[in-house]
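Below: the structure, in structure tokens.
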Amino acid sequence: MSGIHGKDEEFINKLTQVALENLENENFRGKELACAAEINYHTLNRRLHNACNKTPNQFIREIRLEKAIEFLLSEKSTISEIAYRVGFSSPTYFNKCFHEFHGFTPGESRVKIHQKYLVNKDNNKSNHWHKLRINPFAIIGFLSFIFMILAFIFLNKRNKTPPLSTDNISQTSSIAVLPINNFTGDPGLEYFSSGVHDAIIGELGRLDNLVVKSRTSTLQYQNGKHSVQQIANELEVNYIVEGSVLGSEDSLQIIVQLIKAFPEEKHVWSGTYFYDWQDVLSIYRNVTRHIAENIHLKLDLKQAEQMSRSREINPALYQLYMRGMFQLNRMTPDGLAKGLEYLSEAISIDPDDPLPYLGLSIAYSNTGHVSEAGEEAHLLAKTYALKALELDSTLAEAYAVLSTFFLYHEWNWEKTDYNLSKAIEINPNLSLVRYTNSWYSLIKGENEKAINEMKLAVEIDPLNPICTGYLGWLYLWLDLFPEAILEAQRTLEIDPNYTMAYYIMGSALAEQGKYEEAIEIHKKGIDIEPGFLCGLGVTYARAGKTEQAFEIAGMLEKNINAWNAWGISDIYATLGETELAMKWVETAFDLRQDFIPWMEKNPYYKPLYNEPRFKELAQQLDLTQ
């Protein structure tokens, strides 16, 4: 098993020790190894496959055969006795396995050992190889198995690698639910394993004394190539939840296990649940309750009552809901179309179930932000969210959709405040709610709270570039330029093509007077996607490159929309062109551009703060409400 390093090496060493301790037990197989090593069998399978491309039973058998070589070298026991000592109940089967693994039989190995003795006895005779008539191929084979023995001993005796640092792990209980493995053999059930993943995260997220990492960040570990401690260290969590689904669509099992990552990887709990489509919500809440108990979380009365509450759901409806959300999560036009179709079909089965309405509200809210659907999509998001809450007032995600609608589109601060508060009360682990609350706090002049809420969004969703990107943008607007650059760099480590990060970094460098560097950074982002072209225009204006700044503004004026109106106003305000800047601020206001509520916080609007028309627009926003 050469080529194994780091945490894989430590893992293999641990398994090897456990297998050697059970060497004579012929019934010690893969499942027994998993139990003795305190690890779920499916996790054992996955990690062994990734580390050395072996199954658990193959791994144990090869350790038995390596040990047999040691016994043959050092003892005079019969081959049958050695077979029993290394866990083979049949000497015949032992001979077969030995030959397949080593390339020669146990009996032949004894001859090779004897030949080694003779060679060593007369090694001073130059013609000894000829006198003994030793086949040179036998010598090569003998040296090969000696090398294997030394390698085996070295592998088991070498120093273990030091454990990963836990300095960055929060003392607050924190947990990550890894993507659920689909072991059904049916790729068509990927929607189901994805839905289980989302549901467990959602239920755990309701516990207000636990930090639960988001779906977006945990999906980075879908390929199974990382060790538990590596994942826990990168996500800064104490606990990892792994799971898998087995069976067929009519008879499904969910297997869940809880692992404590530090100071040593330790299996804490596992549970098997037979899936009942009609009572699915109680299954998820039972999983959550068992996890909470095993990480010693104390639930208050409200949380305990919430865990005990459940309702029956139409199986056909829930399958359509899961299929719909699976398609929406693909984030493609085709996925959106199919997702909307599934969710609409689910409503036709039972128009009084809240889940399809919730799914539609999320779909239209996301669509309104990233497409030309705009206001119509946002209004549909609001309508479906209100309908979902009419049927179930405990849906945090519906309050989240409404909070973004009232903040960015209706500019209703009272309703924004109410819906943010309700969402956080029900599920404090929604990163969207946390970063929305951060921007809302900035409007109110609560800068420290804004930073803390944005940092919490990053803690919940550390591998989502929108969270680190928004933290950088917040620092930029608060004149914390080194911090803004650091978060932009962190964002680009997550996604090298995330253009917002280039905008933030270029803008922060420009504010530090590093204009040429800033211009190059902006151009890199624009080469990927020109959405932040306005940032280059502002930087040209800051650098005194007036002609280039006007040129960028002119390019944006050829395609009038809310986003470009905001960018054009930034450029003209920075150029000191007050009349032109106000024209485009008013255009952005009329088009209800998302950033207008922050007009008094936008640093590029500072030259406009004392303009009567600017003040009048700010009064219309009624930010003192």
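Tabulated results
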{"item": "So THR539, is it of a type in the set (Ser, Thr, Tyr) and more than 26 Å from ALA484 (Cα to Cα)", "result": "no"}
{"item": "The range 450-466, residues that are open to solvent by less than 20 Å² (accessible area, probe 1.4 Å), among the hydrophobic types (A, V, I, L, M, F, W, C) and within 11 Å of SER217 (Cα to Cα)", "result": "VAL458, ILE460"}
{"item": "Neighbours by Cβ (under 8 Å, 6+ apart or cross-chain): first from the range 263-284, under 25 Å from TYR318 (Cβ atoms); second of a type in the set (Lys, Arg) and open to solvent by 20 Å² or more (accessible area, probe 1.4 Å)", "result": "LEU281/ARG311"}
{"item": "Residue match in the range 483-490 (condition: open to solvent by 70 Å² or more (accessible area, probe 1.4 Å), of a type in the set (A, V, I, L, M, F, W, C) and out of contact with any Leu (no Cβ under 8 Å at 6 or more places or on another chain))", "result": "yes"}
{"item": "Meets criteria (open to solvent by less than 60 Å² (accessible area, probe 1.4 Å), out of contact with any Leu (no Cβ under 9 Å at 6 or more places or on another chain), in contact (Cβ under 8 Å) with a residue 12 or more places away in the chain and among the β-branched types (Val, Ile, Thr)) for VAL287", "result": "no"}
{"item": "Test: residue in the range 430-439 that is at negative phi, assigned to a helix (DSSP H, G or I), hydroxyl-bearing (Ser, Thr, Tyr) and in contact with a Ser or Thr (Cβ under 9 Å, 6 or more places away or on another chain)", "result": "yes"}
{"item": "Residues (touching a helix residue (DSSP H, G or I) at 6+ places or on another chain (Cβ under 8 Å), hydrophobic (A, V, I, L, M, F, W, C) and open to solvent by less than 20 Å² (accessible area, probe 1.4 Å)) located in the range 168-195", "result": "ILE169, ILE175, ALA176, VAL177, LEU178, ILE180, PHE192"}
{"item": "Number of positions in the range 568-622 that are surrounded by fewer than 20 Cβ atoms within 10 Å (Cβ to Cβ), under 38 Å from the mean Cα position of the chain (by Cα) and outside any helix (DSSP H, G or I)", "result": "7"}
{"item": "From the options GLU586, GLU547, residue that is in contact with a Leu (Cβ under 9 Å, 6 or more places away or on another chain) and among the acidic types (Asp, Glu)", "result": "GLU586"}
{"item": "Pairs, first touching a residue at least 24 places away in the same chain (Cβ under 8 Å) in the range 517-546, second part of a loop (DSSP other than H, G, I, E, B) and of a type in the set (Phe, Trp, Tyr), C-beta under 7 Å, six or more apart", "result": "none"}
{"item": "Residues located in the range 224-264, provided they are acidic (Asp, Glu) and touching a Phe, Trp or Tyr at 6+ places or on another chain (Cβ under 8 Å)", "result": "GLU249"}
{"item": "Residue selected from the range 258-302 under the condition basic (Lys, Arg) and not in a helix (DSSP H, G or I), by the criterion modelled with the highest pLDDT", "result": "LYS260"}
{"item": "Qualifying residue in the range 236-248 (condition: at pLDDT below 90 and touching a helix residue (DSSP H, G or I) at 6+ places or on another chain (Cβ under 6 Å))", "result": "no"}
{"item": "Selection from the range 297-318 of residues that are in contact (Cβ under 8 Å) with a residue 60 or more places away in the chain and either within 24 Å of TYR275 (Cβ to Cβ) or open to solvent by 20 Å² or more (accessible area, probe 1.4 Å) (or both)", "result": "LEU297, LYS298, LEU299, GLN306"}
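Matching residues to (1) hydroxyl-bearing (Ser, Thr, Tyr); (2) assigned to a strand (DSSP E or B); (3) closer than 24 Å to ARG47 by Cβ:
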| residue | (1), (2), (3) |
| --- | --- |
| GLU203 | no, no, no |
| ALA232 | no, no, yes |
| LEU246 | no, yes, yes |
| VAL256 | no, yes, yes |
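The values are calculated or read from the model by the stated rules, or taken from the named source; none is laboratory data. Keep in mind it's a predicted model, so treat the numbers as computed, not measured. Here the Cβ is made from the backbone with ideal geometry for all residues, glycine too, and neighbour counts use every protein chain on show. The area values use the complete protein model at the heavy-atom level, side chains included, leaving out ligands, DNA and RNA. Shrake-Rupley method; radii C 1.70, N 1.55, O 1.52, S 1.80 Å.
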